[in-house]
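The values are calculated or read from the model by the stated rules, or taken from the named source; none is laboratory data. Nothing here was measured: the structure is a model prediction, and the numbers come from that model. All Cβ positions, even for glycine, are placed from backbone atoms using ideal geometry, and neighbour counts span all protein chains on display. Heads up: the accessible areas ignore ligands, DNA and RNA and are worked out on the full protein's heavy atoms, side chains in. Shrake-Rupley method; radii C 1.70, N 1.55, O 1.52, S 1.80 Å.
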Amino acid sequence: MILNMKDLLEVAKNKGFAVPAFNISDYSMFNGIMEICEEENAPVIIAIHPDELRHITSEMVKGIRERIIYSKIPAVIHLDHGASIDQIMKAIQAGFTSVMIDGSLLKYEDNVSICKKVCELAHSVNVSVEGELGTIGNTDSVETTAPEDILYTNPDQAYDFSQRTKIDCLAIAIGTCHGIYPKDKIPELRIDILDEIKKRVSIPLVLHGGSSNKDSEIEKAVEHGVNKINISSDIKVAYYNRMREVLKDMSLREPNVIQPPCVEEMKKVALHKIKLFRADNMASFY
């Protein structure tokens with residue numbers, strides 16, 4: 001059941017849940033995510049960043065498509081944070097069903113222009129488009145982004161942006177950061193801004209930087225209308241922390257022995273997110 005993002009998120013918007021977008025970096029991670037989503041009868045977005053795509057290669061996307069086509073759950077193959085028209089076109093040619101063009105660091109009119117162009121290209125082949133307005137913080141740099149340095153999405157601008165670009169979903173900035181938060185940094189989501197955007201924008205809303213936030217805040221974001229939440233760091237931390245433990249046994253060398261316990265650890269985190277987003281058993285509505 002391979003879909004584009006527009007069709008997948010329309011159901012989520014109507015039923016009041018968020019679809020998890022899990023970033024995967026190898027086939028074992030991908031297969032583990034599919035397994036747990038199938039077990040929970042949950043729709044899923046397989047997100048692949050351009051850096052991840054260079055690592056796995058576009059040839060692996062064919063295998064991902066094949067796995068999804070014969071699955072019982074609806075799924076999307078989504079390019080996460082595409083930075084150029086060239087990256088977008090290569091993703092579409094590789095078989096992605098959804099793309100994100102991230103022009104959030106551009107001047108507003110330039111962001112509008114590139115999103116509009118991507119929509120014209122992608123929509124002609126039934127590929128959906130995600131845009132971003134405002135800036136998401138980053139915890140992976142030497143100095144983490146301070147709350148006052150996050151450019152929150154302007155609700156009025158969000159309406160203008162969605163109308164002019166014709167994007168299918170909008171990533172908004174309400175206080176999240178990419179990466180894992182340091183112990184001394186406590187994120188606080190601006191639900192008030194989310195509510196104002198929701199009043200003005202009819203397309204599904206997206207929350208990036210969903211890892212490491214308090215469950216109570218993520219739960220509230222879903223209650224207030226977020227329909228897609230990106231998770232990358234949380235599942236990768238679980239996967240590779242377990243791998244570091246497994247590899248203490250210096251006699252191990254076969255991936256089919258090393259990777260399965262790591263995948264199981266990752267699946268525990270993914271299961272928690274699926275239930276937190278209220279996505280379990282929602283595949284039944286497709």
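Within the stretch 210-266, restricting attention to residues that are among the β-branched types (Val, Ile, Thr) and free of Cβ contacts under 8 Å to residues at least 60 places away in the same chain, the residue that is farthest from Ser98 (Cα to Cα) is Val246.
Yes or no: the stretch 102-113 includes at least one residue that is of a type in the set (Gly, Ala, Ser) and at positive phi.
Our first condition is that a residue be of a type in the set (Gly, Ala, Ser); within the stretch 102-113, this holds for 103-104, 113.
Of the ones still in play, those that are also at positive phi are none.
No; the residues of the stretch 102-113 include none that is of a type in the set (Gly, Ala, Ser) and at positive phi.
Among the residues of the stretch 109-119, are any within 21 Å of Leu194 (Cα to Cα) and more than 19 Å from the chain's Cα centre (by Cα)?
Of the stretch 109-119, the ones within 21 Å of Leu194 (Cα to Cα) are 111-112.
If we keep only those that are more than 19 Å from the chain's Cα centre (by Cα) too, we end up with 111-112.
Yes - at least one qualifying residue is present in the stretch 109-119.
Does Asp110 satisfy the condition of being part of a helix (DSSP H, G or I) and within 27 Å of Val263 (Cβ to Cβ)?
Working: part of a helix (DSSP H, G or I): yes; within 27 Å of Val263 (Cβ to Cβ): no.
The answer is no for Asp110.
For the stretch 51-72, indicate whether the set of residues that are small (Gly, Ala, Ser), under 30 Å from Gln163 (Cβ atoms) and open to solvent by less than 30 Å² (accessible area, probe 1.4 Å) is non-empty. Looking for residues that are small (Gly, Ala, Ser), under 30 Å from Gln163 (Cβ atoms) and open to solvent by less than 30 Å² (accessible area, probe 1.4 Å), one finds none in the stretch 51-72, hence no. Ser232 fulfils the conditions (1) surrounded by 15 or more Cβ atoms within 10 Å (Cβ to Cβ); (2) at pLDDT 95 or above except for a single criterion, (2).
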